[in-house]
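The values are calculated or read from the model by the stated rules, or taken from the named source; none is laboratory data. All values reported here derive from a predicted model rather than from experimental measurement. Neighbour counts run over all protein chains shown; Cβ positions are idealised from the backbone, glycine included.
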Amino acid sequence: MAAHDDLEMTLKVKFQFYRASRKTAKSSAWFKQKEHLAAVVDAFAKLPLFADLTVAGVWERDDYRPFKNTSAAKALVATGRDEGTMLRSAVEGPDLTIMFMPSDDALDLTLSCSRALLGKHRDTIVEQYIEATRGARGALAKSAGVLLAYVFPAYRVSRKFSYPRPRPPRRHPGIPMHAVVDLIDLRFHGSKHADAQPDEARALTSATPPAPARRIENDELVVVQWAKNASEAELQRAASEREVWFSAQLPTLIDHGFNEQGDELEDRGKTEPRPPLTLYSAKRRIGYKAVLVLPDGSVEPHAWNQAKRVLEKKALADGSPVDDVKIVVPLREHAFMIADEAKKAGFGGVLYPSDDGRFWNPDPPGMWRTPPAS
């Protein structure tokens, strides 16, 4: 489990303005009217987390100034120009940020909370993000609608999040699969806006999510909430259940590097034959050894023992370092037959080749909802 100070909770909201077009002249763009962003800041000022924000300014210039009240914050954020501005809990290394990214026909909002302030707001951050979306939507109701909005966790360094995934894991081109809140604006998606997606909105709002997730609709904004708080265990449970449900509602793709069975492609990079190893990656310091599996399920001992000796010595005869050795068997089913024996011997995995020569791992590392299908 990652330490809590490595976890970050993010809300992303994209507003599309109804009367704007992608050809809108800069002189008539919505952000010229400062009251739009000012109203959004007023909505955010009602949140408990707003009290932790201390500076604001133009992030592209890294120009942040302290503010003492909401009026001062609005003056620093609503500049009337198409430039990114930000509210922050500190000038350097902030635990909380709210970013405003205006363009001719859209506004992107990103709220991120981590480390000490995430600990402070852990029990309420999900609800605060939901209220932030409702408040911003209400502030812009006459001019814009929500194209998409979601809340998701991530580890600050890797930008990924570990949770039990279905096999095969899925991906969506526009929304992370590990989101723990979906917010769908039925009013916008029922409009004649060119970017409205009525079919997708209908699919996500017509299906009832399984408990303990809940569906709440208010003023044509549907909230599908999977997580109650930002504890890591709760987020992992929520993300796992949400990926299964989301994949059943919208078309998704198998995640990069996986096949239909949930096997993961081995990224071996450049390799070359280095006896007694079948292949060796100098960059990754990993060896691959082809081993036959006999009809009774046992391994052919000569090749197996060669691989064990290299693994024990952690090097080839010429001194080339070997941090790990992986066994390559002829068929996928063979991998399961010798998996336990390979694990006891200390090998890094049992792979099988596809017709194109790539190696696949039928039992990849990570968190999974179910065992691999043998």
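Would you mind listing the helices (runs of 4 or more DSSP H) fully within segment 170-269 where at least 3 residues are more than 15 Å from the chain's Cα centre (by Cα) and surrounded by fewer than 18 Cβ atoms within 10 Å (Cβ to Cβ)?
Fully inside segment 170-269 and qualifying: 198-206, 232-249.
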Consider D355 against the criteria (1) touching a residue at least 12 places away in the same chain (Cβ under 8 Å); (2) under 29 Å from P169 (Cα atoms): it satisfies all of them except one. Which criterion is unmet? (1)
Here is a list of conditions, (1) surrounded by 16 or more Cβ atoms within 10 Å (Cβ to Cβ); (2) aliphatic (A, V, I, L, M); (3) part of a helix (DSSP H, G or I), and A116 meets all of them except one; can you say which number that is? (1)
Just to be sure, is T133 surrounded by fewer than 23 Cβ atoms within 10 Å (Cβ to Cβ) and either in the same structural domain as Q16 (by TED's automatic domain parsing) or under 17 Å from the mean Cα position of the chain (by Cα) (or both)? no
Can you find a residue that is surrounded by fewer than 16 Cβ atoms within 10 Å (Cβ to Cβ) and closer than 20 Å to D42 by Cα anywhere in segment 142-154? yes
Going through segment 73-86 one residue at a time, which ones are surrounded by fewer than 17 Cβ atoms within 10 Å (Cβ to Cβ), touching a residue at least 12 places away in the same chain (Cβ under 8 Å) and not in a loop (DSSP other than H, G, I, E, B)? none
Residues of segment 332-374 being over 30 Å from the mean Cα position of the chain (by Cα), surrounded by 14 or more Cβ atoms within 10 Å (Cβ to Cβ) and either under 29 Å from R237 (Cβ atoms) or modelled with pLDDT under 95 (or both), in sequence order, are F336, A339
If you check every pair at least six apart or on different chains, which have Cβ atoms under 8 Å apart with a residue in segment 35-54 that is within 13 Å of T124 (Cβ to Cβ) and assigned by TED's automatic domain parsing to the domain that holds S143 first and a residue that is crowded, with 18+ Cβ neighbours inside 10 Å and among the polar types (S, T, N, Q) second? L47/Q128; P48/Q128; L49/Q128; D52/S89
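Quick check on A90: is it part of a helix (DSSP H, G or I) and assigned by TED's automatic domain parsing to the domain that holds G135?
Details: part of a helix (DSSP H, G or I): no; assigned by TED's automatic domain parsing to the domain that holds G135: yes.
So A90 fails the test.
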